Amino acid sequence: MARPLVDGIFVLNKPEGVTSMDMVRMAKRVTRVKRVGHAGTLDPIATGVLPICFGQATRLMEYLVDGRKVYRATFTLGTATDTYDALGEVTDRGDASGVTREDVEALLPGFTGAVTQQPPMFSALKHEGKRLYELAREGIEVERPARDVVVYSIDILGWTPPAVELEVVCGRGFYMRTLGQDLGVALGCYAHLSALTRERAGPFALADAHEPEELEAAGEAWQDLLQPPDAALARIEPIVVEPAAERHLRNGQAVSVPSAGVYAKHLEERRAYSAAGLFLGIVRFNRPEGLWQPEKVFALSEPSPLAPVP
């Protein structure tokens, strides 16, 4: 049986105890679509928003991975583990009985803004061609260069000693497990991540997400659960091009859209649509030439519900 041609995004509420790739394999099995990928890994301990991209939507995964994430995390004070979360073996213990909410709150500004963070050994990063978690399981620890990450805000949601619940808004590459490890060291009592939910990934919130069982139960109607590919680009303003410009864009040629270039900055992006509402792709403005150059071009056959209304 032929595999269906499908383009779109299934916003999944990943359950605890499975990997992100487990969910991709489930989606492939249920839908019989071959071209499937996820936008942003969640650890097995984590739940929450995991965008699963189908077909041409996989070309937009970088925009979701690069977008802001919102997490709700619980850290348990007093113990550290080798994985930095509750799934690992305890490596250190400390006395957290004297730690107060105010102590935690006073440290949070130091973890906010443009910060550097060392990835954990139990991560999917590679060292000389091998995953770090594979080395860690062999008892091998290697140097991991610190990485620049951005944390927009951290707020305390709950304080029930020895646990503290935080809301973290961050950018790409931030490890919540490392935050717990570093916070525990700063408090002098150790800590590890004991629960994690991703509440938002880019434009997609937990309220938009479906359970895996919904996809399995949808049968032939599973495509009705998809968001259009351009939903990944909600933060980018749209423009509409004329039929002649549409043909040029589809051929990879730059086009003029005078009304859209008045206030656009050099290299600013837009999502482009045809007059019929088809999502054509991402274009970038070349201000010296006054032209919109195609960045990514798509060949979709159905109008997008996100197309601007004429």
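Read the figures in this text as sums done on the coordinates, not as results from a lab. Everything quoted here is computed from the prediction, not taken from an experiment. Counting neighbours? That spans all protein chains shown, and the Cβs are built from the backbone with ideal geometry, glycine included.
Annotations for the structure displayed:
- Under conditions of 20 °C and 1.002 mPa s, the chain yields 99 µm² s⁻¹ as its translational diffusion coefficient, taking Rh as the Kirkwood radius over Cα pairs in the Stokes-Einstein equation.
- Residues of type aspartates and glutamates that LYS14 reaches as a straight line, Cα spacing below 18 Å, ignoring anything fewer than 8 places off in the same chain: ASP22, ASP43, ASP85, GLU199, ASP208, GLU211, GLU213, GLU214, GLU216
- Charge dipole (the chain, unit charges on Cβ, about Cα centre) - positive-most of PHE54, PRO303, GLY113: PRO303
- Helix-only CD estimate at 222 nm, as mean residue ellipticity for the chain, using -39500 (n - 2.57) per DSSP H run (n ≥ 4): -5000 deg cm²/dmol
- Near THR81, the amide H atoms lying under 5 Å from its own belong to THR91; only residues 5 or more places off or on other chains count, and H is placed 1.01 Å from N.
- Whole-Å distance, taken between Cα centres, linking the range 235-255 and the range 162-227: 36
- Subset of LYS130/LYS296; LYS34/LYS130; LYS34/LYS296 violating a 24 Å alpha-carbon distance limit: LYS130/LYS296; LYS34/LYS130
- Computed magnitude of the charge dipole of the range 69-201 (debye, nearest 20; Cβ of K, R +1, Cβ of D, E -1): 560
- Sparse-neighbour loop sites [GluC sites (Glu not before Pro); the range 135-244; at most 16 other C-beta within 10 Å; DSSP]: GLU138, GLU141, GLU143
- Note on ALA114 and GLU165: their simple-model spin labels are 3.4 nm apart, each label 7 Å out from Cα toward Cβ.
- Between ARG131 and VAL150, the modelled label-to-label distance comes to 2.9 nm, taking each label 7 Å out from Cα in the direction of the beta carbon.
- In a simple Cβ point-charge model (Lys, Arg +1; Asp, Glu -1; nothing else charged), the range 44-113 has a dipole of about 440 debye relative to its Cα centre.
- Overall, the chain carries a charge dipole of about 1180 debye about its Cα centre when +1 sits on the Cβ of Lys and Arg and -1 on the Cβ of Asp and Glu, all other atoms neutral.
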